Each structure stands twice: as structure tokens, then as C-alpha cells.
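Q: Here it is: the structure, laid out below.
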Amino acid sequence: MVPPGGPVNAATREPSAPAVSRSLSRRSLLLGGAAALAGCTLNPDRDHSGPDAPQALPLSRSPRTAWVFSSGGPRGFVHVGVLKALEELGLAPNLIVGASAGALVGSLYAAGLNAGAIEALALEFQPLSLARWAWGQDERLSGAAIADLVREQAPKTRLEHMPLAMACVAARQRDHTAVAFTAGDVGLAVQASSAIEGQFAPVRIRGERYVDADWTTPLPVRVARALGAQSILAIDASAHLDRAPAGAERYRASDLRKQALVNADAEQADLVLKPDFGYWVSLSREFRERAMEAGYRETLAQGAALQALHAA
């Protein structure tokens with residue numbers, strides 16, 4: 001499937017380290033072999049229409065301050081470090097909005113898992129276990145294991161019951177409209193938000209197919225505004241294009257296109273954090289630690305501005 005404006009790149013849309021190529025979700029997972037995959041999904045296109053199916057409903061509580069976590073594949077590990085620092089600063093939002101990797105990290109925190117527990121999970125889990133073969137689909141993989149992981153780890157598994165209001169942003173496949181799931185099964189909502197077009201099977205919910213929002217709404221600040229947030233902290237996990245090294249030229253057009261999408265939403269935020277941890281990414285423990293440490297340091301460095309934002 002090719003979205004408007006051109007082909008979709010890897011889950012990260014960011015080049016990766018030599019050890020794990022930029023197309024880690026496309027190449028490492030697809031070529032890693034069936035032995036590395038956690039089983040299979042026999043009916044990946046079934047329609048989820050029961051009472052637990054995610055819904056985009058108005059929030060039952062009025063949010064004042066929202067944290068918005070961007071998409072970014074492995075770059076999303078930076079969100080964990082940001083959360084750790086925000087927690088140490090004693091700050092809390094009324095709403096979390098996340099896309100793709102941001103939906104995964106944000107939903108665990110909104111459900112009641114503290115930053116330390118999320119950090120331990122981020123360091124310990126095996127990324128290749130989050131893919132299953134999707135039998136009978138054009139896409140070779142299913143993200144059903146992502147849904148299972150979130151359900152297993154989240155203290156609350158329905159979005160509307162979480163201590164913090166949570167919105168998981170996915171793209172409706174037929175028109176690439178951003179949809180913010182605010183009620184229903186959090187695992188399925190995160191799976192839909194993380195379903196990389198052309199690689200992971202779309203998630204059918206109430207008759208509509210949903211896919212990863214990375215190439216339509218990578219930093220859903222305007223979604224947070226539409227949900228009523230007055231003050232918004234946005235965490236942007238996309239690449240610092242001025243850090244692009246030799247060898248990254250072939251990704252330039254893709255990077256610029258994504259940056260334009262990010263910028264359109266970043267302008268609507270009150271404060272944007274964009275921690276710098278280099279251009280290349282991987283799934284190694286060293287990279288995870290580096291990304292999380294960069295998010296932690298950058299957030300603490302902005303402590304005064306963050307305190308002012310949350311006090312406004």
C-alpha cells in the first residue's frame with residue numbers, strides 16, 4: 001500500500017546503524033527467519049467489533065496539560081528517558097497522546113506503569129518477539145504480539161479506565177485520516193497505531209482498517225488540541241537532519257517529507273523536546289540506553305521551562 005505522496009519507508013523512517021539497518025522492521029524482521037517470530041496470526045484481517053473494540057470517543061474529563069509522544073520506531077526508546085525525567089521532576093499531565101512507538105510507551109504510563117518499570121521492560125524485551133506471521137495477507141507480519149504485550153503489562157487494559165486519559169493515534173487506511181482511540185482495548189489500539197503499511201497487517205476495527213500514523217501524523221499535537229488540551233509538551237523522536245552523516249543521502253527526501261509533517265504539528269505545541277542521540281538507530285542494548293539517556297538529560301535540562309508549562 002502506498003500512501004498519498006509516495007512510498008512508505010521502514011517503521012522508523014530513519015536510517016539505522018550498520019548492525020541493524022534502517023529498515024529494521026522490514027528487513028530484520030522479514031529476513032530474521034520464522035524461528036525468531038512469536039508464532040503466527042491465522043486471521044489477521046478479522047473485524048474487531050465487539051464491546052472491547054477501540055473507539056474514538058470524546059474524553060470524559062477535560063485535559064489541561066497534554067504530553068504528546070511521536071512515532072519513530074527504535075527512536076521511540078527516547079520517550080522512556082523523557083518519562084523518567086518528567087517523573088523525577090514531579091510533573092504529570094491530564095492527557096497523553098501517542099502515535100506508534102509513542103502510543104506504546106505512552107499507554108503503559110497512562111495505565112499506571114511507572115517510568116522505572118517501563119525502562120526495565122524497554123531494556124529486557126526482545127523486539128523480534130513482537131512480530132508474527134500474518135497468514136493470508138499481503139503484509140507478511142501481524143502486530144498481534146504488540147497487543148498482547150501491552151495487555152500483559154498495562155495495569156488497566158481499557159483506555160477509558162486509565163488513571164491518565166490516553167489517546168492512541170492511528171491512520172484510517174482508506175483516507176489516511178488521523179483517528180484518536182480513547183476508549184476500548186488498549187492493546188488493539190496500540191497495535192493499530194503501530195501497523196506499518198506494507199509490512200504489518202492493518203487492524204480492522206468496526207469495519208475500518210487502521211495503520212501506523214507515522215507517515216501521516218507522526219507528532220499528533222493537533223489531535224491533542226482537538227481533544228481539549230490547553231498546554232502541550234511534545235516529544236519529537238525524529239532524526240536531527242543536520243546530523244545526517246555520509247551514507248544517509250538516499251534517505252534525504254524521506255527525511256524531509258517526514259520533517260515537514262512533524263513541523264506542522266510542532267508549531268502548535270507550547271514546548272517541544274527533541275533529544276539528540278545521533279542519526280543511525282538499532283535495537284542493540286547500547287542504542288536503547290543511549291536513546292533513553294539522551295531523553296532523560298534533555299528533559300532535565302529543560303526543567304525550569306517544564307515546571308512553568310505545568311504551572312500555567
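Q: Using only Cα atoms, locate the centre of segment 68-124 and the centre of segment 141-172, then give the distance between them in Å, rounded to an integer.
A: 13
Q: Let me ask you something else. Just add up the charged neighbours of residue 175: K/R +1, D/E -1, any other residue whose Cβ is under 14 Å from the Cβ of residue 175.
A: +1
Q: Still on this structure, please answer the following. Hey, what's segment 111-257 come to in accessible area per residue, 1.4 Å probe, Å²?
A: Using a 1.4 Å probe on heavy atoms only, each residue of segment 111-257 averages 38 Å².
Q: I've got another one for you. Tell me, what does the Kirkwood hydrodynamic radius of segment 169-312 come to in angstroms if you use every pair of distinct C-alpha atoms?
A: Kirkwood radius, segment 169-312: 17.0 Å.
Q: Now for a separate question. Could the peptides 164-173, 238-247, 205-214 be put in order, highest first, of the mean number of other beta-carbon atoms found within 10 Å of their residues? Please list the in-between numbers first.
A: Working: 164-173: 27.3, 238-247: 14.1, 205-214: 23.7.
My ranking of the peptides, most packed first, is 164-173, 205-214, 238-247.
Q: Taking amide H atoms as placed 1.01 Å from N in the peptide plane, list the residues 5 or more away in sequence, or in a different chain, whose amide H sits under 5 Å from that of residue 231.
A: Under 5 Å from the amide H of residue 231 lie the amide H atoms of 65, 66, each far enough along the sequence or on another chain.
Q: Per 0.36 nm of contour for each residue apart, how much would the distance between residue 268 and residue 249 grow if the chain were fully extended, relative to their Cα-Cα spacing?
A: Working: separation 19, 0.36 × 19 = 6.84 nm, distance 2.96 nm.
Between residue 268 and residue 249, full extension yields an extra 3.9 nm.
Q: Running Debye on segment 109-219 with equal point scatterers at the Cα sites and no solvent, what base-10 log of I(q)/I(0) appears at q = 0.18, 0.22 Å⁻¹?
A: Listed by q, the Debye log ratios stand at -0.92, -1.27.
The values are calculated or read from the model by the stated rules, or taken from the named source; none is laboratory data. Treat the numbers as computed from the prediction; the structure is a model and nothing was measured. Ideal geometry is used to build each Cβ from the backbone, glycine not excepted, and the neighbour counts take in all protein chains shown. Surface areas here come from the heavy atoms of the whole protein model, side chains and all, with no ligands, DNA or RNA. Shrake-Rupley method; radii C 1.70, N 1.55, O 1.52, S 1.80 Å.
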